[in-house]
Amino acid sequence: MSGHEIKRRDFLKVMGWGGVGATLAGCDMPTTVTLEEGKEEVVSYMSPEEFVIPGIGIYYASTCQQCSAGCGIYGRVREGRVLKLEGNPASQINGGKLCQMGQAGVQTHYNPDRITKPMLRKGKELVEVSWDEAMAELDKRVGKSSSVDGQRVAWFSGSMSGHQSVLLDAYLESVGSKSHFVYEAINSAVSRAVNAEMLGDATPHYRFDKAALLLSFGADLLGASSSPVHYSTQYGEFRSAPRGMHVQIEPSMSLTGANADLWQPVIPGTEGVLAYGLINMLVNKMGYDASGLSLEVRGLIGKYDPAYAAKVTGISEERIEKIAGLLKSKSPSLVLAGTSTEGQRDGYNATAAVTLLNVILGNVGKTIESSGTFPFPQMAAKAGSSRDLLSFASALGKKQYDVVFFHGTNPVHTAPNYLGLVDNLADVPFKVTLSMFLDETAAVSDLVLPLLSSLEDWGTHVADVGGSTQTTDVTIQQPLMKQLYDDTRGFGDIVLSLLKARGVEEYTGFDDYYAYLRDAFSSTPEAITGGLGTKAFWQGSLQKGAVSIQLDKGALQSNPFASEVSEHKADPSYPMHLAPSARLGMWDGRHANIPWLQEAPDQISKVVWESWAEIHPSTAAKMGVTNGDMIKVESRQGAIKVKVYVHRGVHPNVVAVPMGRGHEQYGRYAKGRGVNPLKILSQVTENKTGELALYGTRVKVSNASDKGTLIHMGDSESQVGRKLVSTVTAEVFKNTEGGGNSVA
Amino acid sequence: MSLSNLLNDWTRYRQGIEEGGFHDYEHIFGMAIDLNKCIGCNACSIACYAENNLAVVGEEKFAKDQGMHWLRIERYWDEPDLGADDQEFQEHGASFLPMMCQQCNAATCEPVCPVAATYHTPDGLNAQVYNRCIGSRYCSNNCPYRLRYFNFYSYYETSWPAPLDQQLNPDLSVRDKGVMEKCTFCIQRIRVAKDTAQREERELVDGEFTTACAQTCPTSAIQFGDLQDPNSKVSQLWKQYQVKLGTTEQSKQNKELRGYRVFESLNTEPCVMYLDRVREV
Ligand code: SF4
Ligand code: SF4
Ligand code: SF4
């Protein structure tokens, strides 16, 4: 960057290092990476001499973008093609491991349904146009000389962080827009809000590897969580001797629940009462001290006695006592709330009740640690919530926008019908989608800009889960191969050209996003570079795939507050609860276009390629249906028909229909396959946070009188007496493998 | 050819019983899979798809049991070891079992192959020679673990529409209709490690190579290595849990110790040891 002088402070801001005066420590920079094959010292495929070694696979570091956890990856590149992704062992997030969605990243990249040219709506149709025409259209609508009112421009994205976020903020500032909506259908916004309030840290580190007992109220740590691999590696530790116990309380079995020692079904919306019932038992029967709590909190605890909790939840007093007893005998424990608890009208209060358990049990500071503060707020993760979807929808209803940009999320697929998103979007004069695929949102847009895949593009990312209490990584996403399609562009490049088109001086000097990133790295505060020269620091960072950042020390507080949970009410005309469960695989629907994942048996039902509804055998018997029969699931907002899978991992009052399928667009593998339970969600929002209450929908189910068969793996659900999976009790495990690792 | 194959196997089999397993191989690659750690996430299975050019067969063919998942995660709902199976709820969760070719040393699939397309390598691997296979499917009939997958069609014609085909691993072939395939313990990865060791004139080092499934497993439930190397992690685990080759029933000093091989009473001599699932009841 050259041409004009900017003050160092502003300069740091342009480069993303603007902050609050951080204490920064040096980094440990490896000189080489150990590579599985060839053992070359490799920096980047950008260095051509190292790019192609015929017949030899070379591994380059980058960052997985299949979910917002941002795991570190190594891509195996051979003859200029990326063939296989593996975890980067140096990553603080995933320690060399990947989940199935991460493994399938190559099928997002090489997907046959990628869009390869910009598309502009002409009349009714989206037609392919040149970039020149696309950019001219953009310029006309939002460029410097356009008459656009910046207040009427909105950006709607998925979770984001790093330098892309820095550039996007700069762009929105230049336009004069204050509307950046960050939406994820799968999020932990309610828990974050509760944590911020009660613990003074929205995303504290959960350390179940240090816990003797993990009690989860529907938190699907191993599956649809904020960092599936991070939590799974931790779970491996947790299960090693002296093996921690795991109790899961949820309406329908999640992947995490499938691993529990005790799986307890619960009616969604009664978890808060159950948590208070447990607290009541701990305080009144088991000698836990509540004297430090406010009168109001103690009053509430008194109100929810175990008999009442048993009546509301349908879980026996003995069972509640058993769980309370476990909490007492196995310390420290860790108690967490997940979507089924958060996603209710009073989900915030219920989650607070669950978090209060940690305070009373003395877990705060033991199994819940401070996450510290990331010193560069500009780059910090902007985590998605569904509140942003709701406020976006209501702004659309009031016709507040003339131009909307979409990127990294597909709200037209995941938004409930009642929001009327498609109709309201029709009234927005100009909608732009930046995407690799023609998904439902792109299909209703006026301009579609084809993105590079994450394996072709540059970026930096800051995860908000993972890392230690002292450091976290800014991970680097670098291209693992040349772009497949000439007419696709990187996200950073597009935002940079938008900035240039607005004539924002600070950015006019950069040829492309890569040049910007290089400069950003050149301006890295010395405390981070450890005094390494610019080139050495850049290359070292690329090799490692990350820059380690010292965090500002944080401290957890404990501000327990009273959180009254409303009584669960029956709804006679819609007597069942809908559980639109999320899965590690289809996720929020973004992976429905990956053939490997479509054909990957669901962890619970083992179904492939289609949707299903899970119901309890007693429910199935009442309805007269068996596996594969079609049922109708009807809410006040609409109905879906879906085949049924019967198992004992569902509460009898619950019907679980996993989200992720039911696409109307999105390519050959996704389109027209399965159903989308999110469409029939009722208009229920969480009172305090304004989040969509994902588990707040009541439905009725009926036999659709259509016999069928589920397409799934395995004929037998039972071992039929054969020793396939042998199980021993934890007692035996302790006797033989004990507290240490000794085997006697 | 098949007769000599059969006789060879028979000799080895006899010898194995008399001498506590046959150890006249250069390597015996084996695994230890800890069901206390396996969470059933399926990452290993997709890693195998990516590494080994496994075809996606599509909905209709999958419905006819033609899925090509060399590594499948079985999920059972019953728990015979924990007693009665008549509870109202699935109180101890599910039972997951990652199942791939067990690389049996006395493989029941081998002697029945009329053309010796499946045979034992000097590395103790149960190998499949695709261009020798005539598709008789005797081997798969004879595999007690149901881990052999037959190419009833030319799945490649629909599995990798361009540019998906660019992801294919050039270190191994794409199979056409009429041949049998199955987990190879990622033989191409072993090959690379062996070649490198040879070039550098040294022995294979434990940990310098692993299979795609073991590599990605988030909980490190899968350990892979050479059972002939007494210091390898996998050997240590077999020793620690007192699981031995060359027997149809493990005799352990401590009967409660975890560790077994699936269907070992059939005397197939599998090289995959499972550590029992654990539940607190
Ligand atoms: S959790 Fe899975 S999808 Fe998400 S970043 Fe990690 S490997 Fe990728
Ligand atoms: S060892 Fe290799 S071939 Fe066998 S199941 Fe694992 S990944 Fe697949
Ligand atoms: S990756 Fe590991 S934990 Fe996941 S299913 Fe496979 S063996 Fe089990």
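Please treat every number below as a calculation from the coordinates, not as lab data. Bear in mind that the values here come from a model prediction, so they are computed numbers and not experimental data. Here Cβ is always computed from backbone atoms with ideal geometry, including for glycine, and neighbour counts include all displayed protein chains.
Miscellaneous remarks
- Estimated FRET transfer efficiency (residue A:196, residue B:4; beta-carbon r; R0 60 Å; 0.05): 0.25
- Chain A - charge dipole about Cα centre, Lys and Arg +1 at Cβ, Asp and Glu -1, debye rounded to 20: 1400 debye
- Tensor-based shape of the stretch B:45-86 (alpha-carbon gyration tensor, a/c under 1.5 rounded, otherwise prolate or oblate): oblate
- For chain B, a/c is less than 1.5, where a ≥ b ≥ c are the root eigenvalues of the C-alpha gyration tensor. That puts it in the rounded class.
- The residue list B:135, A:324, A:118 was ranked by how far each Cα lies along the charge dipole of the protein assembly as shown toward its positive end, using unit charges on Cβ atoms, and A:324 comes out on top.
- Counting DSSP beta bridges with both ends in the stretch A:576-706, the antiparallel % (nearest 5): 65 percent
- For the stretch A:593-744, the equivalent ellipsoid derived from the alpha-carbon gyration tensor has semi-axes of 34, 21, 19 Å in decreasing order.
- Normalised per residue, the volume of the convex hull around the Cα set of the stretch A:667-731 (Å³): 292 Å³
- Lysines with Cα under 20 Å of residue A:366, excluding same-chain neighbours fewer than 8 positions away: A:210, A:328, A:330, A:553
- Cα pair distances in chain A, grouped into 20 Å bins until the bin that holds the longest one, percent each: 16, 50, 31, 3
- Above-threshold pairs, the threshold being 22 Å between Cα atoms, out of A:569/A:688; A:303/A:569; A:97/B:182; A:399/A:688; A:671/B:61: A:97/B:182; A:399/A:688
- For the pair residue B:11 and residue B:81, label points projected 7 Å from Cα toward Cβ lie 3.9 nm apart.
- Anisotropy class of the stretch A:360-485 from Cα gyration tensor, a/c 1.5 cut: oblate
- By other beta-carbon atoms within 10 Å, ranking A:673, B:189 with the fewest at the front produces A:673, B:189.
- Fewest neighbouring Cβ atoms within 10 Å first, the residues A:471, A:414 line up as A:471, A:414.
- On the basis of the beta-carbon distance and an R0 of 25 Å, residue B:141 and residue B:24 show a calculated FRET efficiency of 0.30.
- Cβ charges +1 (Lys, Arg) and -1 (Asp, Glu), total dipole of the stretch B:17-275, debye: 420 debye
- DSSP-defined antiparallel bridges as percent of all bridges, the protein assembly as shown, nearest 5: 55 percent
- Label-zone membership for the stretch A:455-484, site residue A:534, 7 angstrom Cα→C-beta point, backbone N under 20 Å: A:459-460
- Inter-chain shielding of A:588-600 (mean C-beta neighbours from other protein chains, 10 Å cut-off): 4
- Relative contact order, percent, chain A [alpha-carbon distance under 8 Å, six or more residues apart]: 19 percent
- Assuming charge only on the beta carbon of Lys and Arg (+1) and of Asp and Glu (-1), the dipole of the stretch A:592-744 about its Cα centre is about 380 debye to the nearest 20.
- The length gained on full extension between residue A:79 and residue A:703, counted as 0.36 nm times the residue separation minus their Cα-Cα distance, comes to 219.1 nm.
- Residue exposure sequence - B:213, B:143 - by fewest surrounding Cβ within 10 Å: B:143, B:213
- Once the chain from residue A:296 to residue A:136 is taken as fully extended at 0.36 nm per residue, the excess over their C-alpha distance is 51.5 nm.
- Cα lying deepest toward the dipole's positive end in the stretch A:589-641, options A:619, A:639, A:597, charges on Cβ: A:639
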